[in-house]
Amino acid sequence: MGAGDLVIEIGPGRGALTRVLAKRAGAVVAVEVDSELVACLERELADFSHVHIIHADILSCDIRQIALRHASGGPGPLRCMVVANLPYCITTPVLRKLLSASSLFAAFTLMVQLEVAQKLVAAPGCPGYGELSLLAQYYTQPEILFTVGPESFAPPPLVQSAVVRMTVTQSACAGDVDPSLLFGVVRAGFAERRKNIRNSFVSSALFRGDRGLVARVLERAGIDGRLRAEQLGLAEFARLARAALHQIIEEDGDGD
C-alpha cells in the first residue's frame, strides 16, 4: 500500500486503523453509519486532508460511485482496495456488494467471523462450501491470513474471527460465462442441498421444470446428475452454464 492507492474503509469506528491507513495510502474514504463516531472521526482526522468521512450505511451506498469519484481525484487514477472489520450480521450482504463491484478493486482485506472465512476458501466437498464460496472464488483469490481470538475485542464475542485477503482476479475457468447465468445455475444447484443436481435443476424455474431439458444439459456438460451441488467446482458449474445456454438456444430455435 502506498501513495498510489485509495482505501475504502468500512466501519472505521474511532479511527485507530484509519489513522494508520492515512499515513500510507494516497487517499482514504471511511464509511461510518454511527453519527457520533463520524463526529469523532472528523475531529481526530482533521489534519489529514486526503481522508474523507462519509456518514452512511454501507449497504445503502453506491460503492462503485465512491470508488470512481475518489480514485480519479488526484493527478492520476488510484488503485482501489477495501479494508473492513465487518459486523457479523451484515457480512454476507456486504461481501456480495463488494464482489459485484470487484472489477474496480485490486483487493479486499476483511475481518470476518472464522466460519465465514472458511466458507470463502472452501473447496468442493468441504464443510461450508456453497454459493458464497463460488462467488468469492469466481471474482477473487481468497486466503485466510490469520485468526483473531475473542479476547482481542471488547466485549469479547462468542466466536473466533479471521482476517481474509481477497485478491481480485476473475476465474480463468469461468471468465467467458455470463455471471448472471453462471450463478443462476449455482443457485439452482444449491437450492435443495439434499437433492442431487438433476432433481434440484428440475425444481428450478431456470430449467422450466423440464426433466428432459435437464437431462440434455447434463449430458452436454458431461456431468453426472447423481452428484450433489457441493461436489461440483467452479469449472463444472461453468460447463453446466455453457451447456444450458446452448441447449436452450437450440431448442428455442427449433421451436420457431
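The values are calculated or read from the model by the stated rules, or taken from the named source; none is laboratory data. Keep in mind the model is a prediction, meaning the values are calculated, not measured. Quick reminder, even Gly has a Cβ in these numbers, built from the backbone with ideal geometry, and neighbours come from all protein chains shown.
Quick notes on this structure:
- Of all residues in segment 69-96, those that are closer than 17 Å to residue 108 by Cα, at pLDDT below 90 and basic (Lys, Arg) total 0.
- For segment 99-122, the criterion of being of a type outside the set (Val, Ile, Thr), surrounded by 16 or more Cβ atoms within 10 Å (Cβ to Cβ), free of Cβ contacts under 8 Å to residues at least 12 places away in the same chain and assigned by TED's automatic domain parsing to the domain that holds residue 50 is met by at least one residue.
- Selected residue (criterion: modelled with the highest pLDDT) from residues of segment 150-166 that are surrounded by fewer than 19 Cβ atoms within 10 Å (Cβ to Cβ) and touching a Pro at 6+ places or on another chain (Cβ under 8 Å): 165
- Evaluation of residue 66 against (1) within 19 Å of residue 166 (Cα to Cα); (2) touching a residue at least 40 places away in the same chain (Cβ under 8 Å) (one fails), failing number: (1)
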